[in-house]
1. Among the numbered criteria (1) free of Cβ contacts under 8 Å to residues at least 24 places away in the same chain; (2) within 24 Å of VAL129 (Cα to Cα); (3) within 16 Å of the chain's Cα centre (by Cα), which one does ILE29 miss?
2. Do you know which residues across the stretch 176-190 are surrounded by fewer than 19 Cβ atoms within 10 Å (Cβ to Cβ) and over 23 Å from the mean Cα position of the chain (by Cα)?
3. Would you say ALA285 is buried (at least 18 other Cβ atoms within 10 Å of the Cβ) and hydrophobic (A, V, I, L, M, F, W, C)?
4. Does LYS7 satisfy being out of contact with any Cys (no Cβ under 9 Å at 6 or more places or on another chain), over 19 Å from VAL186 (Cα atoms), at pLDDT 80 or above and part of a helix (DSSP H, G or I)?
5. Restricting to the stretch 241-253, name every residue that is aromatic (Phe, Trp, Tyr) and part of a helix (DSSP H, G or I).
6. Report the residue count in the stretch 194-237 for those that are under 30 Å from THR43 (Cβ atoms), of a type outside the set (A, V, I, L, M) and surrounded by 20 or more Cβ atoms within 10 Å (Cβ to Cβ).
7. Assuming TRP339 fulfils every condition listed in (1) modelled with pLDDT of 90 or more; (2) hydrophobic (A, V, I, L, M, F, W, C); (3) under 30 Å from LYS364 (Cβ atoms) apart from one, which condition is it?
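The values are calculated or read from the model by the stated rules, or taken from the named source; none is laboratory data. Please read all numbers here as calculations on a predicted model, not as lab measurements. Backbone-built Cβ (ideal geometry, glycine too); neighbour counts: all protein chains shown.
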Amino acid sequence: MVNFIAKIRGDRFLTNSLIFFIGSFLVGIGGYLYQFLMARMLTVETYGELQAILAIFVIIGIPIGVITTVLTKWTADFKAKNWLNKIYTLFLLFTKKSLIAAIIFFIIFVILSGFIARFLNLTSILPLVFLGIGLLFSFSSSINNGILQGLQKFKELSIISIISTFLKILFAVLLVNLGFAINGAVGAIVLSGLIGYLISFYPLKFLFQQQKEKLQIKEIFQYSFPVFFILLFISLLYNTDIILVKHFFSAQTAGEYGALAMLGHIIFFITGPIVGVMFPMAVAAHSNHTDSTKVFKKTIFLVGLIGGTILLSYFFVPDFIIKILIGSKFLSISKYLGWFGLSMFLFSLVNLFSSYFLSTDKIKCAYLMGIGVLLQIILISIFHANLWQIIWIMNAIMFFTLALLIFYYFKIKIKKCLQN
């Protein structure tokens, strides 16, 4: 046991993974506690609306994810070369530009909120307006989070996330009990996000002691474009089904599918932090011209082990999981849980491969992701007679996209071997 602990301490990837995993696991538990409480406190129909709104938030928040990914990549690169002045300059540059982008984004989103509400069959546009308000500071928050992740300050990042998640639960329970229903559930996300953003300045205070330094802006922004499309396709693969089910099916069925998606997504939420640790470490290895595949292979093992364990539980004890987590009123989805969980396990591997390609500047994988998204939208739009069709389509698309990415990985490996 002592040797095992010493081995973990001596391996930076395992140490960082453990810290970030524990923090993210607690955040994940908190996030799902929020979901479980909302599933119990809201009606099935209203919970379906909440899931659709959260899916929209993920998709329209893609530029936010781009900022985080770009800053994580370049911060990790600058940290590996000990260029702290450039990290500070990066922070100032993106903070200024993100404020302008956030205001423009907010105005456009509010203008389109009526159309979005009609497409999703929502009873009010007010939750969407609250969501738009949250976008205003989410842009700036993504900058702080990206830099913290690039600096590999996983402990600080975890603490901030835990505080934000706790506040989200507290605000949600309070506001829903006060009668604000879905507006309270969405408002809680906005309030907790704002407080988390303010707290995130504390571990970055050392940056303000640095000096501004010239950056190669063109190279940074050129990297942003493929990142945008990769994150766009990842988000669409993950959320398009929820949005289309809300559009094509009844409110009752959409609510049930929203609960199914929430349970299935546990696999991605649990394994995601491991991929989050891999990204800056793979960037640093690639920047220093060392072997980045070592950390990649460790990530595959951990994601496969943890994700596979959760998936097995979905197949063998679905009723028990549903009763414990979201209540007996959702037992009708138990027959779907294992198979939908399989699609999310495959998606977790798709996310892993795409993140690794981003960390090593292999950005052509965006084309492969795009093919998967296009097929997903076409197939669900044509075949949506029942939920089984949706689930089989999700599994087929995830398997197909993963196969394309694996082929791309070995193509790169073979090409590299031939060059050497």
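1. Condition (2) is where ILE29 drops out.
2. Residues satisfying the conditions are ASN177, LEU178, GLY179, PHE180.
3. When the stated conditions are applied, ALA285 passes them.
4. No, not satisfied.
5. Going residue by residue through the stretch 241-253, those that are aromatic (Phe, Trp, Tyr) are 248-249.
Of everything in the stretch 241-253, just one residue is aromatic (Phe, Trp, Tyr) and part of a helix (DSSP H, G or I), namely PHE248.
6. The number of residues fulfilling the criteria is 1.
7. Status for TRP339: all satisfied but (3).
Here is a yes/no grid of residues against (1) outside any helix (DSSP H, G or I); (2) closer than 30 Å to ILE378 by Cβ; (3) touching a residue at least 60 places away in the same chain (Cβ under 8 Å):
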residue	(1), (2), (3)
PHE229	no, yes, yes
ASN239	no, yes, yes
GLY255	no, yes, yes
ALA282	no, no, yes
ASP291	yes, no, no
VAL303	no, yes, no
LEU311	no, yes, no
PHE315	no, yes, no
SER332	no, yes, yes
